[in-house]
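Trainee: Right, I'll just put the structure down here and ask away after.
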């Protein structure tokens, strides 16, 4: 049976940096997109296909959409967990679902980031490569 | 009759900076949130209430959600126009709608950013201040 | 006579962005390097050789050193002037000297940034290209 | 005898993030200042006085100067070590010396960052607080 639903999940632990704050006293919202990116490439590293390898295979995975809800502020030196999930089989896109949690388990932010697969030579959209699909199915 | 629909619009012209690119050769997606912010505060400046004044009135306007679609890449030294619109009367939130266009008019990105109104002393959510509402209604 | 001293100078006007502040309430020091970069490429644009053209000629100009003195803080919405000077003829490197001034003329920051010239194909150091030297000498 | 020379040293391990690269293909120079900052506050955390505690004591430590030499490029996914040293007793300033090394021990960057001590209420310069000096002397 085709795996319509996947349950790939990874927790990325992170401590907020001073340069990520702004004069409101907490993390500026523009920093979250970088955190999501770092978290998803650590998920891919855990799966054995670090993003640096994906690019060496001639594939770019640019972001095509972001949706983010900023629920509670992140403060300097806070320790957070960025949970990343892949719950749908990739097609020409792959969707990463995020929940950022405090150490005590409070939900601080949730987001969805969609990446495309692009052939880095032709710059054309392509389907998720088989090594990528196979690795996800193996989980 | 109550103005359910507003048509406040502003064009912010911008030239892409080198530091905004990444090794894919175009602008890293994490930079767009800053561009939206700069564009909306220039809209507010045009309306006569720069955001620096709003904070002096004891009001923070943190971002509570972002939705962004990355349609075509932005390249170094490209000249773009960031169109910002307010089309709904603010309540406890205000919604900014964005279209980023190339000089030749191609749509490169569209986004919606929602800001809350927070009393900077109590850190509590508040309604859009009357000076803000009145200024929008006057347009 | 060989032009040992040059007096190429450019003023880049800039307004401080919200995302550039940190929780101390003023601009985080990590943002200045981007301001210097933007200012020097505007100087080069004024001279008729925008940096995007230099890269198209197969030349990279990476930064090889920075020295910066942070004299007074920059605040959100401040209007500043970044003065950039080239006072020495480039060799295998070119030196940019910066003074950041408030609207009222107070010195807020001074810096020196040195860029190398790199052949983008061979990744080797090269001398300043003749079109670059000639353009500076013409000033 | 007064400790003119100190040998406080800390290694901060770091993996280069995608968003830190630019279209030249390696880390944009503006990112190093953040790396130095993160490394020095991890040094202070190791000494038992995390910077978040220093600010809670009413003391800011803004950067007053940076000198940085970019010796070799840092590439995406590279694992690096940022060595931070304090070799002089703080006065009204404290000096952090940096060497960024590859996993194989090559020197990639060296830098010096000087921070001042500021009373966060009066915004006046102050001497290094005794708890800071004592902690360094205890090493």
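The values are calculated or read from the model by the stated rules, or taken from the named source; none is laboratory data. Values in this document were obtained by computation on a predicted structure and should not be read as measured data. FYI the Cβ positions are ideal-geometry reconstructions off the backbone, even for glycines, and counts take in every protein chain you see.
Trainee: Of everything in region B:62-89 that's over 29 Å from residue A:125 (Cα atoms) and in a loop (DSSP other than H, G, I, E, B), which residue is farthest from the other protein chains (Cβ to nearest Cβ)?
Mentor: Looking only at region B:62-89, we keep the residues that are over 29 Å from residue A:125 (Cα atoms), and these are B:62-64, B:84-89.
Right, trim to in a loop (DSSP other than H, G, I, E, B) and you get B:62, B:89.
Details: B:62: 6, B:89: 22 Å.
Once the filter is applied, the top-ranked residue is B:89.
Trainee: Same structure, new question: Suppose we filter region A:20-32 for residues that are within 25 Å of residue B:109 (Cα to Cα), within 7 Å of another protein chain (Cβ to nearest Cβ) and touching a strand residue (DSSP E or B) at 6+ places or on another chain (Cβ under 6 Å); how many remain?
Mentor: Residues meeting the conditions: 1.
Trainee: Output the residues belonging to region C:94-139 that are surrounded by fewer than 17 Cβ atoms within 10 Å (Cβ to Cβ), over 15 Å from the mean Cα position of the chain (by Cα) and part of a strand (DSSP E or B).
Mentor: Scanning region C:94-139 gives C:102, C:107, C:119, C:125.
Trainee: Let me spell it out: the conditions are (1) within 12 Å of chain C (Cβ to nearest Cβ); (2) under 28 Å from residue C:62 (Cβ atoms), and residue D:15 meets all of them except one. Which number is the exception?
Mentor: (1)
Trainee: Collect the residues in region C:121-139 that are closer than 14 Å to residue C:44 by Cα and out of contact with any strand residue (DSSP E or B) (no Cβ under 9 Å at 6 or more places or on another chain), keeping them in residue-number order.
Mentor: If the condition is that a residue be closer than 14 Å to residue C:44 by Cα and out of contact with any strand residue (DSSP E or B) (no Cβ under 9 Å at 6 or more places or on another chain), then C:131, C:133, C:134, C:135, C:138 are the ones that fit.
Trainee: Next question, about the same structure. If residue B:7 passes every condition in (1) closer than 15 Å to residue B:99 by Cα; (2) over 13 Å from the mean Cα position of the chain (by Cα); (3) away from chain A (no Cβ under 13 Å); (4) surrounded by 19 or more Cβ atoms within 10 Å (Cβ to Cβ) but one, which one does it miss?
Mentor: Result: residue B:7 passes all but (4).
Trainee: Which one is modelled with the lowest pLDDT among residues in region D:67-93 that are over 15 Å from residue D:36 (Cα atoms) and either in contact with a helix residue (DSSP H, G or I) (Cβ under 8 Å, 6 or more places away or on another chain) or surrounded by 20 or more Cβ atoms within 10 Å (Cβ to Cβ) (or both)?
Mentor: For region D:67-93, the residue satisfying everything is D:89.
Trainee: How many residues are without any contact (Cβ under 8 Å) to a residue 12 or more places away in the chain and within 24 Å of residue A:55 (Cβ to Cβ) when one looks only at region D:62-110?
Mentor: The initial filter retains those residues of region D:62-110 that are without any contact (Cβ under 8 Å) to a residue 12 or more places away in the chain, namely D:104-105.
Cutting the leftovers down to within 24 Å of residue A:55 (Cβ to Cβ) gives us D:104.
Within region D:62-110, residues that are without any contact (Cβ under 8 Å) to a residue 12 or more places away in the chain and within 24 Å of residue A:55 (Cβ to Cβ) number 1.
Trainee: Answer yes or no: is there a residue in region D:39-61 that is at the interface with another protein chain (Cβ under 8 Å from one of its Cβ atoms), in contact (Cβ under 8 Å) with a residue 24 or more places away in the chain and part of a strand (DSSP E or B).
Mentor: Yes, region D:39-61 has at least one match.
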